[in-house]
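Everything below concerns the one structure shown next.
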Amino acid sequence: MNKVDVVLGSFFGDEGKGKIIDYLSQKADISIRCTGGNNAGHSIELNGKKFAFHLIPSGVLNKGNLAIIGNGVVVDPKVLIEEIKNLKENGYSVDNLRISDKAHVIFPYHIEMDRLQEELRGAQKIGTTCRGIGPVYCDKYERSGIRMGDLVNKRFETQLRQNIEKKNKIFESYGHKTVDADEIMKEYNNYADILKPYVIDTVSLLHQALEQDKKILCEGAQATLLDIDFGNYPFVTSSNPTIGGICTGTGIGARYIGEVYGVLKAYSSKVGEGPYITEQDNEIGDKIRELGHEYGTTTKRPRRCGWLDLVALKYAVMLNGITGLAINHVDTIGKLDEIKLCVGYKIDGEITMQYSTDLERIAKCEPIYETFKGNFGDISNIKRREDLPQNAKKYLDRIEEIVKVPIKFIGTGAGRNSMIVC
C-alpha cells in the first residue's frame, strides 16, 4: 500500500466495495469512511455471517485497524449505536472506532423534511432513501448544522431548539406533523453519553498517522454517477462520493493519495429513479437481479439491472484518476449463456464514447453492444486470472482494452476469499 489508498464506486453504488475494502484493510493501519450517511451500505460475509455497515468503516472487522468516521460523513446516532451493538453482540470490539468531531448529526426533523420534500415532488421524485441525508447537508452548508463535537459536549440545546422552531413552521404550513424539541433533547442527550468516548479531532489523528508512515485506506460510499456535481443531476446524492470528497471528507491532502481503485460489477445495477442507459427492464434484467441477489443493503429495494457500460466507466476513470479496477460478480454474469457489453453510444446518428449528464442528451443515447459467450462454470475457487475459462478472459480483456486501466481484483463468488488478486 501507499500512504493513502482509495476505494470508490464507479457507477450507481452497490458494486461490492465492501469486499475490496475488507481485503485492503487487512494491509492498512486505518480505514476511514469519508462521505454520505446511512443512505449507503457495505456488505461483508465473514465466517458465514453477513455484516451490513451503513456508517462504520468495514475495516473495523480487522484487528489492529483503526476505524474512523470522517468529517464528511453525516451521522444518525441511533443507526450508529445499533451498528456498535451488533458488532459487540457478534464478538467484535469497537475500541478501535473513532468519530470526527466535525461530522454533522442527523436529527428527526431532517428525516421528516426528507419525506415531505419527496412527497411534494410527486411525479418528479428522485428516489431518496428518506434518511435525512439531503436536509442535513442543507443545514451544514446553510451553517445551522450541529456537529458531533457539539452533541457529545451537550452544547447544542439552543441551536437545536432554534432549528426545530424553523422546521416546525415549514411542517405546519404543509399540514405535516411537527417534531417535539423536548423529546429530541432527551433522546439525543442519551446518544451523546454513549458516543462521547469515540469522538475526537480525526484530522489531527490522521496527520499524526501520516507522519508515522501509517497506511490509510479511504472507503468511498455510493458512487461516481451519484455525485452531486458529476452525476446524473438531480438523481444524485447530496455529497461528493468521487475523489474530491475523499480529501474534503477526511482532511487528507491530495499529495498523499496513491492507488485509486474503481469498483464495478461485471454487469450494472441501480436503485432509485433517473436515467440508466444500459438497463434491461425485461427478462434478462430480472434474471441478473435474481442471480446477483440485487436488493439494496440499506433500502432492501429491488435494484434495476442491465449490461456493463464502458462509456460510463471511462467517465468514472477520468473523474477519479482511477489506477486499478476491481470487478465483482464475474461469477454471476458468467451464468448467462450470452453477455453484452456497451462499448459506445449512438446519438443523432453519430457514435461517441463521451458520457454526458445532460438528461435530454442521455435520453437520446442508444447503447452499442458487443456480444460475448457466457457459461463460465464454477470459478469461485480460482486464484489466478490465467486459470479462468477462456470466455471469462475474453470478456475481462475487452474491458481493459477499451478503458485502458488494469483490472487488479476479480470477484469470483460471495465469500470473503472468492477473489483473484491480479
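The single condition among (1) part of a loop (DSSP other than H, G, I, E, B); (2) β-branched (Val, Ile, Thr); (3) modelled with pLDDT of 95 or more that residue 246 does not meet is (1).
Criterion applied to 60, 79 was being part of a helix (DSSP H, G or I), within 17 Å of residue 131 (Cβ to Cβ), hydrophobic (A, V, I, L, M, F, W, C) and within 18 Å of the chain's Cα centre (by Cα), and the one residue passing it is 79. Can we say residue 382 is in the same structural domain as residue 326 (by TED's automatic domain parsing), of a type outside the set (Gly, Ala, Ser) and touching a residue at least 60 places away in the same chain (Cβ under 8 Å)? No: the conditions fail for residue 382. Sub-6 Å Cβ pairs linking a first residue in the stretch 274-292 that is closer than 14 Å to residue 339 by Cα to a second residue that is aromatic (Phe, Trp, Tyr), at least 6 apart or interchain, are 278/307; 288/267, ordered by first then second residue.
Among all residues of the stretch 108-118, there is none that is in contact (Cβ under 8 Å) with a residue 24 or more places away in the chain and in contact with a strand residue (DSSP E or B) (Cβ under 7 Å, 6 or more places away or on another chain).
Among the conditions (1) in a loop (DSSP other than H, G, I, E, B); (2) farther than 17 Å from residue 317 by Cα; (3) modelled with pLDDT of 85 or more, residue 31 misses just one, which is (1). Would you say residue 188 is closer than 14 Å to residue 146 by Cβ, of a type in the set (Phe, Trp, Tyr) and surrounded by 14 or more Cβ atoms within 10 Å (Cβ to Cβ)? Yes: the conditions hold for residue 188. Working only within the stretch 144-165, note down all residues that are surrounded by fewer than 12 Cβ atoms within 10 Å (Cβ to Cβ) and more than 16 Å from residue 101 (Cα to Cα). Correct list: 158, 165. Set side by side, the residues 99, 68 differ, and just one is more than 27 Å from residue 302 (Cα to Cα), touching a residue at least 12 places away in the same chain (Cβ under 8 Å) and touching a Lys or Arg at 6+ places or on another chain (Cβ under 6 Å), which is 68. Could you please let me know if residue 277 is in the same structural domain as residue 16 (by TED's automatic domain parsing), modelled with pLDDT of 95 or more, outside any helix (DSSP H, G or I) and in contact with a Cys (Cβ under 9 Å, 6 or more places away or on another chain)? Against the criterion (in the same structural domain as residue 16 (by TED's automatic domain parsing), modelled with pLDDT of 95 or more, outside any helix (DSSP H, G or I) and in contact with a Cys (Cβ under 9 Å, 6 or more places away or on another chain)), residue 277 does not qualify.
Being under 17 Å from residue 54 (Cα atoms) and in contact with a Lys or Arg (Cβ under 6 Å, 6 or more places away or on another chain) is a condition met by no residue of the stretch 232-254. Here is the figure for the stretch 342-370: residues that are of a type in the set (Asp, Glu) and within 19 Å of residue 318 (Cβ to Cβ) total 1. Taking the options 69, 81, 99, name whichever one is farther than 27 Å from residue 174 by Cβ, hydrophobic (A, V, I, L, M, F, W, C) and surrounded by fewer than 17 Cβ atoms within 10 Å (Cβ to Cβ). After applying the criteria, what remains is 81. Among the conditions (1) over 18 Å from residue 200 (Cβ atoms); (2) touching a strand residue (DSSP E or B) at 6+ places or on another chain (Cβ under 8 Å), residue 40 misses just one, which is (2). Residues that are among the acidic types (Asp, Glu) and out of contact with any Ser or Thr (no Cβ under 7 Å at 6 or more places or on another chain) within the stretch 1-55 comprise 5, 15, 29, 45, listed in sequence order. Flag not set for residue 318, criterion: farther than 19 Å from residue 267 by Cβ and in contact with a strand residue (DSSP E or B) (Cβ under 8 Å, 6 or more places away or on another chain). Of all residue pairs spaced 6 or more apart or on separate chains, those with beta-carbon atoms under 7 Å, a first member in the stretch 1-18 that is free of Cβ contacts under 8 Å to residues at least 60 places away in the same chain and a second member that is assigned to a helix (DSSP H, G or I) are 18/58. The criterion of at least 2 residues that are in contact with a helix residue (DSSP H, G or I) (Cβ under 6 Å, 6 or more places away or on another chain) is met by the following helices (runs of 4 or more DSSP H) wholly inside the stretch 111-212: 133-142, 148-152, 157-173, 181-195.
The values are calculated or read from the model by the stated rules, or taken from the named source; none is laboratory data. The model shown is predicted, which means the values in this text are computed figures rather than measured ones. All Cβ positions, even for glycine, are placed from backbone atoms using ideal geometry, and neighbour counts span all protein chains on display.
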